[in-house]
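Structure, as structure tokens:
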Amino acid sequence: MDSTTIILVAIAGLVIGFVIAKILEKGKASKTVANAKKEASAILKEANIEGESIKKDKIFQAKEKFLELKAEHEKVIINKDKKISEAEKRIRDKESQVSNELAKNKKLSEQLEVKIKDIAHKEEFYDKKHAELEKLHNNQVQQLEVISGLSAEEAKSQLMESLKETAKSDAMAYLQSTMEEAKLTAQQEARKIVINTIQRIGTEEAVENCVSVFNLESDDVKGRIIGREGRNIRAIEAATGVEIIVDDTPEAIILSCFDSVRREIARLSLHKLVTDGRIHPARIEEIVKKTEKQIEQEIVEIGKRTVIDLGIHGLHPELIKAVGRMKYRSSYGQNLLQHSREVAKLCGVMAAELGLNPKLAKRAGLLHDIGKVPNTEAEVETPHAILGMQWAEKYGEKPDVCNAIGAHHDEIEMKTLISPIIQVCDAISGARPGARRQVLDSYIQRLKDLEEIAFAFGGVQKAYAIQAGRELRVIVESEKVSDDKAAQLSFEISQKIQTDMTYPGQVKVTVIRETRSVNVAK
């Protein structure tokens with residue numbers, strides 16, 4: 001056999017083998033299908049059996065639930081029937097009670113009718129008796145008129161007049177004795193209240209000075225404060241309005257000024273400058289401005305602490321600021337804030353003794369002298385009591401408080417019971433030995449008048465009374481006042497002081513005009 005025949009035979013063998021394999025596979029598949037059908041029928045039978053059993057269980061459970069619900073429903077119906085029967089019983093009882101009450105009321109109405117008839121009979125009887133008495137009275141009056149020769153009206157008027165005179169004389173005697181007794185009792189009670197109030201308040205004697213001592217670590221600092229040719233000390237005096245006295249006193253510099261605020265600003269500024277070490281005119285002006293802001297904040301804090309300590313609430317912020325400014329004011333040498341706190345405490349105690357409102361009295365006592373803290377120069381002309389009353393009205397204080405402030409020096413009429421308490425407590429606080437000095441107050445007023453005269457002229461920027469009132473230093477605006485005008489202004493101010501004021505010795509008027517050119521290198 002050639003190669004082609006061999007190849008064909010081989011291919012035929014392969015085809016025959018493939019066909020035989022396919023036939024065998026078909027036989028195996030048919031057997032598998034038959035087995036699957038048998039298993040499916042068995043599963044279906046088991047599922048039917050289980051479904052029937054589950055169905056029976058569910059039907060049984062439903063029957064049990066139905067029976068339970070039926071039993072509960074029957075219980076509810078029984079309870080409702082029971083309640084309805086009880087309600088019917090109560091209604092029957094009430095009906096029986098109402099019928100009994102009606103029977104009783106019927107009996108009472110019958111009894112009332114009988115009593116009304118009896119009263120009507122008695123009223124007729126009394127009317128008859130009254131008519132008979134009227135006839136007898138008229139007959140007696142006619143007989144008396146015939147006997148006395150006077151009519152009934154004339155006799156009545158004469159009797160009334162005699163009774164009036166007697167009653168008036170008795171009433172006047174009783175009134176006079178009562179008034180005298182009341183005056184004696186009132187004076188005794190008033191003395192007791194005032195004495196008890198004074199005894200219950202512990203006070204301090206407040207003496208305000210016009211100088212402050214600034215202590216130094218060494219005398220070498222004095223030269224730095226004075227500066228080259230005195231420029232530093234002049235800059236401090238010009239910025240603060242305080243006279244700085246550098247003498248032989250070891251390790252101390254004296255600050256002299258009648259205004260406590262200025263003096264405190266100067267003291268704090270010097271402390272900062274000495275601590276920092278840089279002392280020159282530009283730095284001095286910067287520190288003074290910062291210190292002024294610091295003092296303003298401190299004034300507000302002092303006012304807040306004061307009203308909190310006294311238990312006063314709802315005070316306007318501007319009034320709180322005015323209370324803080326009192327620390328740097330004096331009244332006849334007495335510190336104004338300490339005086340006002342003392343008056344407020346006295347007023348609270350006295351109002352409590354008299355059965356009045358102590359909180360309202362404290363409020364009026366604290367604010368009674370706020371008019372001594374003027375915001376502008378124009379307000380200085382108004383009496384401080386009237387000015388304080390106007391401020392209190394402006395910032396929403398009650399009419400009782402406003403009247404007490406305005407009337408504590410009798411500028412206006414007292415309309416409330418708190419007003420005389422404020423007046424009395426102000427006198428108690430100011431009349432203590434050593435509390436006030438009249439001379440100091442007049443001295444400070446003279447210094448203020450000096451500064452006000454300078455401010456009356458145009459172009460004046462600042463004015464400071466120094467050297468205990470022996471010198472008035474005036475700083476003018478260089479743009480508005482020329483050198484020639486500065487000399488003329490100095491003469492005019494001195495002439496006005498000479499004509500308008502009374503003062504010991506002489507007053508030196510110094511007008512300072514300064515020109516500055518400032519540029520910034522960037």
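Derivation of every value follows stated rules applied to the coordinates shown; laboratory data play no part. Source: prediction; values computed, not measured. For neighbour counting, all protein chains shown are included, and Cβ atoms are generated from backbone atoms with ideal geometry for every residue, glycine included.
Calculate the dipole size of the range 437-522 relative to its Cα centre from +1 charges on Lys and Arg beta carbons and -1 charges on Asp and Glu beta carbons; express the result in debye to the nearest 20.
280
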### Summary
Sequence order, the range 348-359: Karplus ³J(HN,Hα) from phi using 6.51 cos²θ - 1.76 cosθ + 1.60, θ = phi - 60°, Hz rounded, Gly and Pro as x, gives x, 5, 5, 5, 5, 5, 8, x, 9, 7, x, 5
### Query
Stretch Gln143-Glu101 to full length: gain in nm at 0.36 nm per residue minus the Cα-Cα span?
8.9 nm
### Query
From the cross-link list Lys327/Lys448; Lys398/Lys448; Lys83/Lys104, which pairs have alpha carbons spaced over 24 Å apart?
Lys398/Lys448; Lys83/Lys104
### Task
Using R₀ = 51 Å, calculate the FRET efficiency as 1/(1 + (r/R₀)^6) where r is the Cβ-Cβ separation of Ile7 and Ile43; round to 0.05.
0.40
### Message
Just to be sure I understand the model, the point goes 7 Å from the Cα along the line to the Cβ. What's the resulting His73 to Ala282 distance in nm?
### Response
10.6
### Query
How much FRET efficiency would the formula 1/(1 + (r/R0)^6) give for Glu153 and Phe125, where r is the Cβ-Cβ distance and R0 is 30 Å, rounded to 0.05?
0.40
### Task
Could you work out how far the C-alpha centroid of the range 471-522 sits from that of the range 226-243, in angstrom?
16
### Per-residue HN-Hα couplings for the range 399-416 [Karplus 6.51, -1.76, 1.60; θ = phi - 60°; Hz; x = Gly/Pro]
x, 4, 5, 4, 5, 5, 5, x, 9, 6, 10, 6, 6, 10, 6, 6, 10, 10
## Note on the structure
With the 8 Å Cα cutoff and a minimum separation of six or more residues, the range 437-522 has a relative contact order in percent of 28
### Summary
Residue separation between Ala521 and Lys290 times 0.36 nm, minus their alpha-carbon distance, gives in nm 80.8 nm
### Task
Tabulate in residue order the Karplus-calculated ³J(HN,Hα) for the range 290-301, using 6.51 cos²θ - 1.76 cosθ + 1.60 with θ = phi - 60°, rounded to whole Hz; enter x for Gly and Pro.
5, 5, 4, 5, 4, 5, 4, 5, 5, 4, 5, 5
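Exactly which trypsin sites (Lys or Arg not before Pro) in the range 478-508 are in a DSSP loop and have at most 16 other Cβ atoms within 10 Å?
Of the trypsin sites (Lys or Arg not before Pro), the ones in loops of the range 478-508 whose Cβ has at most 16 other Cβ atoms within 10 Å are Lys480.
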### Candidate aspartates and glutamates - alpha carbon under 14 Å from Lys415, same-chain residues fewer than 8 apart omitted
Asp400
### Message
How many angstrom lie between the Cα centre of the range 297-340 and the Cα centre of the range 53-132?
### Response
76
### Message
Run the reach check for Lys55 against lysines, Cα to Cα strictly under 17 Å, same-chain hits fewer than 8 apart removed. What comes back?
### Response
Lys45, Lys63, Lys65
### 17 Å Cα-Cα reach of Lys94 towards aspartates and glutamates, excluding residues that sit fewer than 8 places from it in its own chain
Glu86
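Using the Kirkwood radius built from alpha carbon pairs, what does the Stokes-Einstein equation give as D for the range 437-522 at 10 °C and 1.306 mPa s, in µm² per second?
114
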## Note on the structure
So, for the Cα atoms of the range 34-132, Rg and Dmax in Å stand at 42.6, 144
### Query
At a Förster radius of 30 Å, what calculated FRET efficiency corresponds to the Cβ-Cβ distance of Val211 and Ile512, to the nearest 0.05?
0.80
